[in-house]
1. Taking the Cα atoms only, what angle lies between the long axis of helix 306-319 and the longest principal axis of the chain, rounded to 10 degrees?
2. Given a cut-off of 36 Å, what percent of all Cα-Cα pairs of the chain lie beyond it?
3. Students often forget the sequence filter, so: which aspartates and glutamates lie under 19 Å Cα-Cα from Lys280 once same-chain residues fewer than 8 apart are removed?
4. Subtract the Cα-Cα distance of Thr120 and Phe50 from 0.36 nm times their separation in residues, and report this length gain in nm to one decimal.
5. Springs between alpha-carbon atoms under 10 Å, Gaussian network over the chain: tell me which of Asn80, Asn160, Asn121 tops the mean-square fluctuations.
6. Kindly report the accessible area of the chain per residue (heavy atoms of protein chains, probe 1.4 Å, no ligands, DNA or RNA), in Å².
7. Mind giving me the FRET efficiency for Gln164 and Thr190? R0 is 41 Å, r the Cβ-Cβ distance, nearest 0.05 is fine.
8. For the chain, set up a GNM with springs between Cα atoms under 10 Å and report which of Val139, Val101, Val313 has the largest fluctuation.
Amino acid sequence: MMLRAGFLTKLTMRTMLVAIALCLATAGTSVAADTAEVDRYVERFNPDIFQLDENGKPVHEMKNAFSSPASDIAQDVATNNWFNLFVFMPFLILPQILLLVVIFKFRDRGDGRKPATFMTNHKLELAWTAIPCLALVIVSVPVWELLYKMELPPTQVDTNNPDQATIVKVTGRQFAWDYEYKHENISIGTDAAGLQEPLVLVLGRTTLLNITSNDVNHAWWVPAYGVKKDAFKGRYTNTWFTPTVAGVFKGNCAELCGPGHGIMFISSVVVTADEFDVYKSLQRHRADTFKIWNQLQRGAGETASDADLKALVTKYFEKDASDGRRFALRYWIAANFASLRRKPQDRALHDDVIRTFQSKRDQLEQLIATVLSSPKPVASAE
Ligand SMILES: [Cu+2]
């Protein structure tokens, strides 16, 4: 009997151990999968546009409107370009053929014949003036049409409806771009490391840009969108396009604006409407994560105290403890660290970030879990 009881206890203990091990394993995977999800969104909304693959090639290449159009306007620009090429190609090829014919047909055959010496042929001159003129007129028709189209978005797009149109105020400054989304109330510019943030747009949703400058003249140019527009101080220029391809698109300032002009990059990310909803939620909580971020990423070598951090995290969730807010905090910490790792502005800080990123992140993840699992404090009467 005793033996049997002992065996049973052993069995129960073993089962319990297995169960605990299973629980731990599942918990481990879920945390890992969770951070992977955060990292996936960081890569989606703020990709490293200078990232190189294992062969040293850029992961995100600069695409152009002709070979890889990524908007309706770019598609029109590409079509226009092929049409122009088709119309003008005979003017390139025909003279070369005629030149070969003349060289062959009127060559010196050694029979004493004298070459012709006439200078003019009015009919011929009229023809080779009129035909190119006609070609220019033919080509100008679709070009004017496209230039006109570029001015204003299609009338069927309701620009007051955020599901139909994204309106962004674009402000150039030496040497970065600031973006303000009108409907969404989002303001972005440079990230935690002072690097340019991408303009995030929605696939198939018409985008209107109102472009201006804070200082000197700039130009907002993303070749794959087929858009290049000047930015002047005290004035607005307008353009629009509808992204037709999801992905990362690079551009640059296209108006010489000072010593940093060459590195006044533009990047833009086209996402689905669902992803954009996540993006909006992240932006809504962003400002509230600053204090926690500052505490977490103190000077090189310094470590944030658990107590200070916990107080800030608790305060952060006092406003609302939703999943979206939780995800936003984890996202911004990961995104900020990702930016700092990309650009070593301060060498010591950069090395510190590389070395301590994982432990700091774990510290925060732990704190978030603790704060959210602890019972809500009773609101004080004050
Ligand atoms: Cu510039």
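1. 70 degrees
2. 46 percent
3. Glu37, Asp39, Glu43, Asp163, Asp178, Glu180, Glu184, Asp191, Glu197, Asp288, Asp320, Asp323
4. Result: 19.3 nm gained on full extension.
5. Maximum fluctuation in the GNM of the chain, among the listed residues, is at Asn121.
6. Value for the chain: 60 Å² per residue.
7. Computed FRET efficiency for Gln164 and Thr190 comes out at 0.90.
8. Greatest mean-square fluctuation among the candidates belongs to Val101.
The values are calculated or read from the model by the stated rules, or taken from the named source; none is laboratory data. Just so you know, these numbers come straight off a predicted model, no measurement behind them. Virtual Cβ from ideal backbone geometry, glycine too; neighbours counted across all protein chains shown. For accessibility, only protein heavy atoms count, side chains too; no ligands or nucleic acids. Shrake-Rupley method; radii C 1.70, N 1.55, O 1.52, S 1.80 Å.
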